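Report on the following structure.
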Amino acid sequence: MRVFITGGAGFIGSNYVRHLLANTDDSVTVFDALTYAGNRETLREFDDDPRFAFVQGDICDREAVRASLPGHDAVVHFAAESHVDRSLLDPDVFVRTNCMGTNVMCDVAADAGVERFVHISTDEVYGSIDEGSFSEGDILQPRSPYSAAKAGSDLIALAYHETHGLPVVVTRSSNQYGPYQFPEKLIPFFVTNLLDGHRVPLYGDGLNVRDWLFVRDNCAGVDLVLRNGTVGEVYNIGGGNERPNRYIPDRVLEILGRDESSVEYVEDRKGHDRRYSIACDKVRALGWEPSTDFDAGLEETVAFY
């Protein structure tokens, strides 16, 4: 199978490229604009692999997508703006990339007759939940420009399935961590700041809860959905590791041998969701299970940085 991977030089995308090249006979084309969060060097080791190709391009550039996408069997669409804090400062770019870019990708993919289109989304589209877990059929209640733009992109992709027959499958993953993540996100931000001798800021009371998923486990889930998921369906992929945000610096401090004085509590973020939790029965029914212990994955991530 020839797989077209948008955002393949980013955190999750580059890990997914590694997953495909290590575990399948597929060939891969990475299509990435190389914004601040995309790093060409993360894929340099594959430059001599005949199954790998790289194209620098913007998913909002219809002509660039049209020139590169035809001839591929499947699209796995990771490319997105994904940092909540940035979305509070510059929401326009999030709507452009996440909504307009997804529309361009779906439109060109429909014309090209791709056999599978996997749209990568996030559990943040559901909003916050005090008790229980969100399932795929629950109403979307995004609470930031980022999550609203991602919810919009989900609906655009699913609408292309309904109106144009594009074989779309959507995955919504919980918070991810692991190697190659740009250090604006919580875990690598804490780790790199501590390694550089700085204090780490913690929003509010530090008790906002997130479900942590090791990136390679997510890649395995995405690949399973690509091959075996039902067209037109949404699949939650969660790590089953719900932790308060306060747990992360505590554990990283322990790994690095630092103390409590390295943590600084700061004013809470606007619209900060209290708790994310998703039910993953559908993807588990396909045969997926997360395999990485959270603390072991965190130790590997710290060692990477």
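The values are calculated or read from the model by the stated rules, or taken from the named source; none is laboratory data. As the structure is a prediction and not an experimental result, all values here were calculated from the model. FYI the Cβ positions are ideal-geometry reconstructions off the backbone, even for glycines, and counts take in every protein chain you see. Quick note on the areas: whole protein, heavy atoms, side chains included, nothing else; ligands and nucleic acids left out. Shrake-Rupley method; radii C 1.70, N 1.55, O 1.52, S 1.80 Å.
Give the separation of the Cα centroids, the range 186-258 to the range 113-185, in Å.
Going from one Cα centre to the other spans 17 Å.
Using a 10 angstrom cutoff on alpha carbons, build the Gaussian network for the chain and name the most mobile of 119, 272, 198.
Looking only at 119, 272, 198, the biggest GNM fluctuation is shown by 198.
Residue separation times 0.36 nm, minus the C-alpha to C-alpha distance between residue 266 and residue 90: what's the value?
Extra length available between residue 266 and residue 90 comes to 61.2 nm.
Read phi for every residue in the range 249-260 and hand back ³J(HN,Hα) as whole Hz from Karplus 6.51 cos²θ - 1.76 cosθ + 1.60, θ = phi - 60°, with x for Gly and Pro.
x, 4, 6, 5, 4, 5, 4, 8, x, 9, 10, 4
For the range 132-261, with all protein chains present and a 1.4 Å probe, just round the carbon and sulfur fraction of the accessible area to a whole percent.
Taking all protein chains in place, the range 132-261 shows 51 percent carbon and sulfur surface.
For the range 242-299, what is the convex hull volume of its Cα atoms per residue in Å³?
Value for the range 242-299: 93 Å³ per residue.
What is the set of long-range amide H partners of residue 54 at a cut-off below 5 Å, with H atoms built 1.01 Å from backbone N?
HN-HN under 5 Å from residue 54: 30.
List, largest first, the extents of the alpha carbons of the range 1-138 along their principal axes, each in whole Å.
Taking the Cα atoms of the range 1-138, the three principal extents are 49, 32, 31 Å.
Using only the C-alpha atoms of the range 101-171, find the volume of their convex hull and express it per residue in Å³.
Per-residue hull volume (Cα only) is 78 Å³.
How many nm separate the modelled label positions at residue 300 and residue 199, each set 7 Å beyond the Cα in the direction of the Cβ?
3.4 nm
Suppose we look only past 27 Å in the calculated P(r) of the chain. What percent of the Cα-Cα pairs does that tail hold?
For the chain, the fraction of Cα-Cα distances above 27 Å is 39 percent.
Name the most mobile residue of 203, 177, 235, meaning the one with the largest mean-square fluctuation, in a Gaussian network model of the chain with Cα contacts below 10 Å.
With Cα springs under 10 Å in the chain, the top fluctuation among 203, 177, 235 is at 203.
Just from its helices, what would the mean residue ellipticity at 222 nm be for the chain, if runs of 4 or more DSSP H residues each count -39500 (n - 2.57) and the sum is divided by every residue, rounded to the nearest 500 deg cm²/dmol? Present the calculation step by step, with values, prior to reporting the outcome.
Values: 11 runs with 113 residues, N = 305.
Value at 222 nm, helices only: -11000 deg cm²/dmol.
Excluding residue 56 itself, what net charge comes from residues whose Cβ is under 13 Å from its Cβ, given Lys and Arg +1 and Asp and Glu -1?
-2
Counting pairs of Cα atoms in the range 102-232, how many percent are more than 25 Å apart? Present the calculation step by step, with values, prior to reporting the outcome.
Values: 3105 of 8515 pairs.
Looking at the range 102-232, the distances longer than 25 Å represent 36 percent of pairs.
Using modelled amide H (1.01 Å from N, peptide plane; none on Pro or chain starts), what sits under 5 Å from the amide H of residue 203, excluding residues fewer than 5 places away?
Hits under the 5 Å cutoff: 266.
Around residue 134, which amide H atoms from residues at least 5 apart in sequence, or from another chain, sit under 5 Å from its own amide H, with H modelled in the peptide plane?
277, 278, 279
Kindly express, to the nearest 10 degrees and within the range 0 to 90, the angle between helix 145-164's C-alpha long axis and the longest C-alpha principal axis of the chain.
20 degrees
Given springs between every Cα pair under 10 Å in a Gaussian network model of the chain, which of 156, 59, 237 has the largest fluctuation?
156
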